[in-house]
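The values are calculated or read from the model by the stated rules, or taken from the named source; none is laboratory data. In this text, all values refer to a predicted model and were calculated from it rather than measured experimentally. Heads up, the Cβs are rebuilt from the backbone with ideal geometry, glycines too, and the neighbour counts pull from every protein chain shown. Surface accessibility is based on the protein's heavy atoms, side chains included, excluding ligands, DNA and RNA. Shrake-Rupley method; radii C 1.70, N 1.55, O 1.52, S 1.80 Å.
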Amino acid sequence: RQCPYIATPSKRLKRRGDQTTMVSYLRHRALIAVFSLTTRACAFSSSAVALTGRHHKTLISIRGGATSIQNSNINGEEEEELRTGWLHNTQPKYAASPSSSSSSAPLSLAMKRLMADKMQKYRNHRIINPPAAHPCGDANRIMVTEHKISIPLTHPDLQVAMMMNKEDQQSGTTTNENEQRRIVPVNRIDAAFLTNNDALNEPTIDVYFTITELLSNTQDEAHFHALQNPNLSPSQRAALYFQKGSNDNDGDDSSSSVDPSRMMLYLQGGPGFGCAAPISGLSLASSSSSWAAAVLLGGGKVTNADGKSFQRIVLMDQRGTGKSSAICKQQLVKMFPDLFLLDKTEKEGKVVGEEFGGDSDARMMLLQARQQKALKEATDYLSLFRADSIVRDAEWIREALTNPFRYVDDDGNDNAAVNGPQPWGGALGQSFGGFCLMTYLSSIQNPPELMYFTGGIAPMNTPVREVYDRLWLRVRERSWKYYEQYPGDVALVKKIVRKLLAHENSADPIILPSGGILTARRFLQIGLALGGSPGSSFANIHSVINSAFVDEDSDEISNAFLKRIDYEQSFDDAPLYFLLHESIYADGEGATQWAANQSYEGHVQANPEFDYRVTCQEDNSNPTLFFGEMVFPFMAHGDFSELSNSGMRMLSEALAEKSDWLPLFCEANMRAALVDTKKSRAAAACYYDDMYVDFECAMKLVQRGCPLEGVKVYVTNEYQHSGLRDDGANIINKLAAMSKNRLHVPS
């Protein structure tokens, strides 16, 4: 390759009519080309290679500038069985520490540069569409860019942790109840990919995120129009995007990256649903229209640790949701077809499994064996979509934005190492997003400098069964609250439940447009929305209930009601919520075992008030209670069509019985970040009447001497769990002031 510029790293050269060029990066790429030719020459000229067998493996390793050739079967060892199927990555390909090379010999400078170049290609950052500009408050304009980046399915340090966890399970090693489980925090999320070539073979998934930023001047506008060029490829558009970075850094043109200290990361609730989209799902009409508007347009009320305004908001679809390699039944069928073998029915006179030959018993045994193998693979795969992976994905994105062009200087240091820790300037976690922030504090050495929790302090150290025992009591309270606001719905809900029970017990079930069955228990799941504000969520539930019958005097279920039920209950479209919801409480302490359902059965046995089959009767004085934020095994038994088949049912059962979950939280690491080193400052809005997140469990964690002692807490019953959506600007302004000691809350 030709390299027109050779200069020392970190310097730039400007040519008239040319755009600014990072010389060190070009030099880095040129040296890689030279090194590649040298490597090929060494490989062809070496006479030390002895081929012994058809599948003999030859490994060429280059360390410290020397070339050596190793034969995989030189000692007569048995060849490794070839892995088949795209999910072979569940068996780690390397067992070395993710922060160091698998070889004791140091990497040569040329190899480091080659690895950095491979890393650049591996993460494959692109802006998938030309950006859009929107008017916002006070005659401002904002630009929204849509990004995708390739991220390892399994982060290397998690692979090591899973291997150790598996070894403990096999050896019967258990953790003493009084012994604190320790998570080793990660310093560089991409370290293994710069030192271990095997890491770059790790399968990837795509993670989608948007960046929202102000267009403040003519230079910003010019950059926006340049990015709109339809002839740019997504990768070219991403490269062009970072040329604006030097203009954001207060005159410092030593880097073409964006400044992470002036970016706010948002982690949404869930799990299983994509992030709200700017403009359509997150208003930016004025500085008071949403939390995001307050951050970008608030006039300095929300600033970073250095008192500077935030320039960008990053909204990430967490892995498996939205546009981030979304999990749905269609995708699962493609990835694990054998899991769904027994879902096939006889068609055109053919018997399921007939193509395998043999008698019916032999065929069935073969099908079941294949299905069990696929079940193990699918269970392992979905286990990688929890908070521990999500926070590492966020770090991967931050690293890609902060150091978009990888290069290695003459001392062998890549630019990320030279720059040192560059954490997010701020992060906001709503509901499950707050749970992720707790995992961030537990898992990452340099978590976001400012952290804001809104209804998102996880019930750490509370057994999962107790979590749901307490939740049922809060759902009962919210049901009573609903009926106080809409007393006429007491009789109407009873009538609907009786009607649905009658159809369940007959040969004529009520079929929804989606193909699911509208049972009484499914209908009562509309109570999931009870945790929102009475002014909006209660009114919406009331609207659904009052559309149930064709007219007031009829007992015929209306088609409009069936469509509304399908619309309000989106578990078919987002099965990740159904499959993984209970696992968000699985903090390395055994199986969840359908804890919500077990808790319900316990409450029904102790108090008939919880039994809808009893309370729906006209002569019963108790109102029929709704269900809340829970998942149940019955959801995969016909109630939801996309969840109801042998494959999905087996998968949900396997995840419910999975007992080797990795820990999500670490008390010592959380205290170290918040109290000892004060790397992070944090504030939280805790809602006293929160239906979804237990208030008392949250308060136990923020007391003196507890894991979240360093979090300043704003306690209120003015808002429900939806406070951030209902009054986000006021809440984020208050939390920002608390984190900077500008507001005496708590007093």
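Things worth noting here:
- Solvent-accessible area of VAL464 with every protein chain in place, 1.4 Å probe, in Å² to the nearest 10: 30 Å²
- Solvent-accessible surface (1.4 Å probe) assigned to MET335 amounts to roughly 40 Å².
- Of PHE193, PHE273, PHE634, the residue with the largest accessible area leads and the full order is PHE273, PHE634, PHE193 (1.4 Å probe).
- Taking 30 Å as the limit for the C-alpha separation, the pairs LYS481/LYS563; LYS244/LYS678; LYS118/LYS373; LYS148/LYS308 exceed it in the case of LYS244/LYS678; LYS118/LYS373.
- Net charge over other residues, Cβ less than 13 angstrom from the Cβ of ASP639 (K, R count +1; D, E count -1): -1
- Residues with amide H under 5 Å from that of VAL550, placed H, sequence gap 5 or more: GLU556, SER558
- Pairwise centroid distance, computed over Cα atoms, of segment 623-691 with segment 512-567, Å: 25 Å
- Computed over segment 455-613: relative contact order in percent, which uses C-alpha pairs under 8 Å that are six or more apart: 28 percent
- Exposure ranking of ARG681, ARG123, ARG613 by accessible area [1.4 Å probe, largest first]: ARG613, ARG681, ARG123
- Cβ-defined net charge surrounding SER621, 13 Å radius [Lys, Arg +1; Asp, Glu -1]: -2
- With contacts taken as Cα pairs under 8 Å and at least 6 residues apart, segment 105-157 reaches a relative contact order of 32 percent.
- For TRP480, TRP424, TRP594, the ranking by accessible surface with the largest value first comes to TRP480, TRP594, TRP424, using a 1.4 Å probe.
- Full-stretch length increase - MET699, ALA285 - with 0.36 nm per residue and alpha-carbon distance subtracted: 145.5 nm
- Cβ-based net charge around PRO278, under 11 Å, with every Lys or Arg adding one and every Asp or Glu removing one: -2
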